[in-house]
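Have a look at the structure below, then the notes.
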Amino acid sequence: MIIKEQAASGRQDWELPFHPRLKAGEKSAIRWAAVEDYDRVLDMDCSGGALLISLKDSLRIRACGMTRERGEADEIMEIIDDSDIIMASPRDIPFRTGSFDEVFVTRNVGENMSEQGVSEAARVLRPGGQLIISCGLFPRLAAFLRGDAGQEPDRHTLMRRLQEHDFKHISFRRSGLRGVITAWKKEIIEN
């Protein structure tokens, strides 16, 4: 007999792995992304791993993530055991050229989407791959309210930067107090 505190697998609720909740920016990014089964997905700052966990729960993807903390990487790998979670900087992504179908940036947009960060994201995307960026609608106001210098560029600056790196079909969609920029890496030969 399974009692209320037990899951169907017979394990107690407190024994089941904890799945972090998606933040608003991650929900928006997933909503507007074109991710399909068997895609290779990179989350450039997978703090907590919620975005990758959500995608793996609904699709059969190859999940890869980057983080700045060793302990965080270990925690995420315990939840998503068949993923590659590494410690790395967005300015030097240690994956081969053309490794991913989608690259997500939902945190630390200012650092992750610097000139070097955009260049690295473009390098690891396959031709025709998609870059998905969740950004605030009012980055300067948010920085002022937080009391920091505000390194996050506005959406117009990000979109210009993407054009300079040969992305095409760049679009912006509002989602609450956040927005999502989607951009496609130019294919080698376009029809």
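By the beta-carbon count within 10 Å of each Cβ, the least crowded to most crowded order of Lys168, Lys23, fewest first, is Lys168, Lys23.
Listed values for the range 126-131 are Karplus-derived 3J(HN,Hα) couplings in whole Hz (6.51 cos²θ - 1.76 cosθ + 1.60, θ = phi - 60°), namely 6, x, x, x, 10, 9, and x replaces Gly and Pro. Computed over the range 16-56, the P(r) curve from all C-alpha pair distances, binned at 5 Å from the origin, holds 5, 21, 35, 24, 12, 3, 0 percent per bin.
Each semi-axis of the equivalent ellipsoid for the range 36-180 is √(5λ) with λ an eigenvalue of the Cα gyration tensor; in descending order they amount to 24, 18, 15 Å. Residues whose amide H falls under 5 Å from that of Ser175, counting only those 5 or more places apart or on a different chain, are Val180, with hydrogens built in the peptide plane.
None of the figures in this text is laboratory data; all of them are computed from the coordinates on show. Everything quoted here is computed from the prediction, not taken from an experiment. Note that each Cβ is placed from the backbone with ideal geometry, even for glycine, and that neighbours are counted across all protein chains shown.
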